[in-house]
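These notes concern the structure reproduced below.
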Amino acid sequence: MRKIKTGIPGLDEIFKGGINSGTSFLLTGPPGTGKTIFAIQFIHAGAMLGEAGLYITSEEEPTDIREIASSIGLGLEKFEKKGLVSIIRQSISDKKLVSIATPLRLIKENKIKRVALDSLTLFEYMHVAGEMDYRKEVLDFVIRMKETKVTLLTTSEKSIIDIDQFHYDPEDFLFDGLIILTKVRKSSTFERCLNVVKMRGQEHLIDIYPFSISKGSGIEVHTKQLPFSLIDKDAKEERFTK
């Protein structure tokens with residue numbers, strides 16, 4: 001199985017060289033953890049390697065995505081002009097997905113290899129009263145994407161801060177992989193952390209790692225560090241049990 005680079009420094013090390021091509025994975029976490037930046041880096045990295053990517057946004061305008069990308073030094077416009085990046089918006093107010101034919105057509109026309117859907121909120125608003133319909137719609141989308149052989153990244157919101165209190169939702173298991181981003185309190189501030197819960201069909205590290213977001217490089221996972229916030233937490237728990 002061919003592996004592809006995620007574009008996230010440190011993350012490929014966790015996956016021992018990258019993720020398997022054709023994989024679908026869900027990136028979930030609370031607001032402010034960098035999910036949109038992660039998705040932008042994933043698409044940008046593919047474009048840098050000559051792999052065309054499609055970014056589907058449900059909450060932001062394409063211009064907003066371009067501005068976010070530029071703010072971290074990962075401009076997308078030049079790749080759009082070359083046909084290596086396509087950005088489309090599906091408004092959650094439309095109540096139905098832009099016919100699956102739209103992304104499928106772009107995938108075929110532009111020979112797209114990577115797709116980022118930001119976020120699952122799109123499906124949630126489509127099926128407010130029916131959880132089964134919601135999960136069926138998500139599963140159908142994942143299946144249709146896998147049939148095209150693209151590597152799919154999807155984001156979702158989780159109202160969690162403490163990773164030990166993470167609550168799984170049924171849709172989390174509709175994907176090959178699940179990556180959690182969290183913000184753990186560290187004194188008067190918060191520390192961002194990442195954990196790969198699963199990635200079907202490939203070996204990966206399972207530790208919790210701190211990560212940073214900076215201009216010019218975006219997200220970087222620090223695989224040689226332990227989260228200071230978790231070290232403090234473990235020390236407190238050890239003192240409490242003695």
field: Selection from segment 127-143 of residues that are modelled with pLDDT of 85 or more and over 18 Å from SER58 (Cα atoms)
entry: LYS136, ILE143
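Quickly run through segment 1-55 and pick out the residues that are of a type in the set (Ser, Thr, Tyr) and buried (at least 18 other Cβ atoms within 10 Å of the Cβ).
So the first thing to find is which residues in segment 1-55 are of a type in the set (Ser, Thr, Tyr), and the list is 6, 21, 23-24, 28, 33, 36, 55.
THR6, THR23, SER24, THR28, THR33, THR36, TYR55, listed by residue number.
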field: Residue under evaluation ARG192, criteria (1) assigned to a strand (DSSP E or B); (2) modelled with pLDDT of 95 or more, criterion not met
entry: (2)
task: For GLU124, work out the one condition from (1) at pLDDT 90 or above; (2) acidic (Asp, Glu); (3) surrounded by 18 or more Cβ atoms within 10 Å (Cβ to Cβ) it doesn't fulfil.
output: (1)
- request: Identify the residue in segment 1-55 that is over 25 Å from THR102 (Cα atoms), of a type in the set (D, E, K, R) and part of a loop (DSSP other than H, G, I, E, B) and, among all such residues, is nearest to the chain's Cα centre (by Cα).
  value: LYS5
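The values are calculated or read from the model by the stated rules, or taken from the named source; none is laboratory data. A quick note: this is a predicted structure, and the numbers were derived from the prediction, not measured. Virtual Cβ from ideal backbone geometry, glycine too; neighbours counted across all protein chains shown.
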